[in-house]
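One structure is given here, and the rest of the page talks about it.
The values are calculated or read from the model by the stated rules, or taken from the named source; none is laboratory data. Computed from a predicted structure; not experimentally measured. A quick note on method: Cβ atoms are made from the backbone with ideal geometry, for glycine too, and the neighbour counts reach across all protein chains shown. Calculation scope for accessible area: heavy atoms of the full protein, side chains included, ligands and nucleic acids excluded. Shrake-Rupley method; radii C 1.70, N 1.55, O 1.52, S 1.80 Å.
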Amino acid sequence: RSVKYFPYGLHYLGVKSGEKVVIISETRADWTMADLAILCLGGVVVPIYTTLTPPQMKYIIQDSDAKVVIWSSDDIWQKLEKIRQELSGVEHYITFETQSPEGTFTKDQIIERGKAAMNEDAGFLEASISSIKPDDLFSVMYTSGTTGQPKGVMLTHNNLISNAAAVASLLPVGPEDIAFSWL
């Protein structure tokens with residue numbers, strides 16, 4: 001349900017297909033929910049490591065032209081607060097926490113807005129998903145920056161599908177299998 005309502009909430013905030021949304025979070029279920037919701041909207045996910053410094057975060061947020069920043073914890077917000085005034089392109093900030101600083105949203109507030117927006121335009125999400133093409137941008141992942149400024153690697157939906165298909169041809173995965181992901 002969250003994956004269904006969250007894109008409606010982002011759409012209500014004005015996020016359009018093709019726009020970048022940054023996620024700065026540790027591995028958690030909320031990350032997966034936000035990631036899938038952004039993709040359903042046709043948005044582009046820009047992940048940022050939680051260990052980066054505020055200037056490094058600022059560079060990636062500005063370089064990616066992100067409209068929304070989603071973060072996980074107070075520690076991350078403290079970093080964002082240091083650079084927030086310089087991030088003029090960011091229109092909205094959303095936290096996975098239950099409380100949000102003034103002028104920002106919680107994930108639950110976006111989900112509630114999404115429920116209301118879904119009632120007004122029930123077909124929007126299906127139309128959004130159906131409009132996504134294999135060559136549409138899926139994610140911009142930034143390199144570590146060890147040889148200069150980080151570079152944004154643009155990955156399409158087809159990039160991920162072809163990787164998954166290649167792995168599946170070598171290592172069949174079925175419903176009885178269990179996987180553990182550690183980031």
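The residue of the stretch 6-22 that is modelled with the lowest pLDDT, among those that are in contact with a Lys or Arg (Cβ under 7 Å, 6 or more places away or on another chain) and surrounded by fewer than 21 Cβ atoms within 10 Å (Cβ to Cβ), is Tyr12. State which residue is nearest to Leu39 (Cα to Cα) when the search covers only the stretch 110-129 and only residues that are open to solvent by 80 Å² or more (accessible area, probe 1.4 Å) and without any contact (Cβ under 8 Å) to a residue 60 or more places away in the chain. Filtering first and then ranking leaves Glu126. Taking the listed residues Lys20, Lys82, Lys4, the one that is under 20 Å from Pro150 (Cβ atoms), touching a Gly at 6+ places or on another chain (Cβ under 9 Å) and charged (D, E, K, R) is Lys20, with no other qualifying. Taking each residue of the stretch 153-178 that is closer than 23 Å to Ser17 by Cβ and of a type in the set (A, V, I, L, M, F, W, C) and looking for partners that are open to solvent by 60 Å² or more (accessible area, probe 1.4 Å) and at pLDDT 90 or above with beta-carbon atoms closer than 6 Å, six or more apart or interchain, yields Val153/Met141.
The number of residues in the stretch 95-104 that are buried (at least 17 other Cβ atoms within 10 Å of the Cβ) and farther than 15 Å from Ala29 by Cα comes to 2.
Determine which single condition Thr51 fails, assuming it passes every other condition in (1) in contact (Cβ under 8 Å) with a residue 24 or more places away in the chain; (2) under 21 Å from Thr32 (Cα atoms). For Thr51, the exception is condition (1). Working only within the stretch 156-170, note down all residues that are open to solvent by 80 Å² or more (accessible area, probe 1.4 Å) and not β-branched (Val, Ile, Thr). Residues satisfying the conditions are Asn163, Ser169, Leu170.
This table checks each residue for (1) more than 23 Å from Lys67 (Cα to Cα); (2) of a type outside the set (Gly, Ala, Ser).
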| site | (1), (2) |
| --- | --- |
| Glu102 | no, yes |
| Thr106 | no, yes |
| Asn119 | yes, yes |
| Ala122 | yes, no |
| Glu126 | no, yes |
| Ser131 | no, no |
| Met141 | no, yes |
| Glu176 | yes, yes |
| Phe180 | yes, yes |
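Scanning the stretch 65-94 for residues that are polar (S, T, N, Q) and surrounded by fewer than 20 Cβ atoms within 10 Å (Cβ to Cβ) yields Ser73, Gln78, Gln85, Ser88.
Whether a residue is under 25 Å from Glu120 (Cβ atoms), within 13 Å of the chain's Cα centre (by Cα) and open to solvent by 10 Å² or more (accessible area, probe 1.4 Å) was assessed, and Lys107 passes this test. Here Gly145 passes the criteria (1) surrounded by 13 or more Cβ atoms within 10 Å (Cβ to Cβ); (2) at pLDDT 90 or above except the one numbered (2).
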